[in-house]
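Please read the structure below before turning to the comments.
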Amino acid sequence: MPPQLSGDSLKGRYGVRYLDAIVSAAGYEWRETGSGADALGLDGDVHFPEGPVGVQVKTTHKHQIGGTNSRLSYTAKQHWVDSWAIARRPIYFVVVVVPHDITGGPWLNHHSGGTDMLDTAAYWTRIDPTSFSPQNMSVAALRSQRVEAATLRQWQREMIQDFGG
């Protein structure tokens, strides 16, 4: 019998795999940060032909896909902010919303026609390291910014613009 992950670990793994699926379907490459190496505040990189952008992924069931709150907020850890502040490339914060069930049952639907990822959505924002202070460590993905293939093209354009392209 395989080892069982805690609910938070299961959600976290699913969120990273969900983003990987979006990136792969858009024709780009996702490279996950090695085990324990996300001390840098990055779960992985999206690789474009011109170079990578960094991504921190958080997965939650505390928000609903159809929710009305415009911001999906988290408290950033100081070492994330320190790492983001010295980055020489764009860094994005992504929140993956899943239903509340630690078994993953409603997240995947296996049927004779294939497997569907259900009831999942991801939202994003670009990290601005200068926006943090000891009194404000909040980072929020915006519900108006849903992660999809067009998002990745936008991230690619931003990365190119940042390097004078």
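The values are calculated or read from the model by the stated rules, or taken from the named source; none is laboratory data. This is a predicted model, so every value here is computed, not measured. Because the Cβ atoms are built from the backbone with ideal geometry, glycine has one as well, and the counts that use them run over all protein chains shown. To get the accessible areas, we keep the full protein, side chains included, count just its heavy atoms, and leave off ligands, DNA and RNA. Shrake-Rupley method; radii C 1.70, N 1.55, O 1.52, S 1.80 Å.
Quick one: with all protein chains in place, what share of the accessible area of the range 22-165 is carbon or sulfur, to the nearest percent (1.4 Å probe)?
50
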_Excluding exposed DSSP-loop GluC sites (Glu not before Pro) (at most 16 other C-beta within 10 Å), longest clean stretch of the chain_ = 51-147
*Regarding the range 77-159, what are the three Cα extents along the principal axes, ordered largest first, in Å?*
49, 30, 21
_Semi-axis lengths (Å, descending) of the ellipsoid that matches the C-alpha gyration tensor of the chain_ = 26, 19, 16
*Regarding the range 39-85, what whole-number volume in Å³ per residue does the convex hull of its Cα atoms give?*
122
*Return the single residue from Val96, Val55, Val139 with maximal mean-square fluctuation; model: Gaussian network over the chain, springs between Cα atoms under 10 Å.*
Val139
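Using DSSP H assignments, which helices in the chain have an axial alpha-carbon span of 24 Å or above and a mean Kyte-Doolittle hydropathy of -1.0 or higher?
TM-like helix candidates: 7-25.
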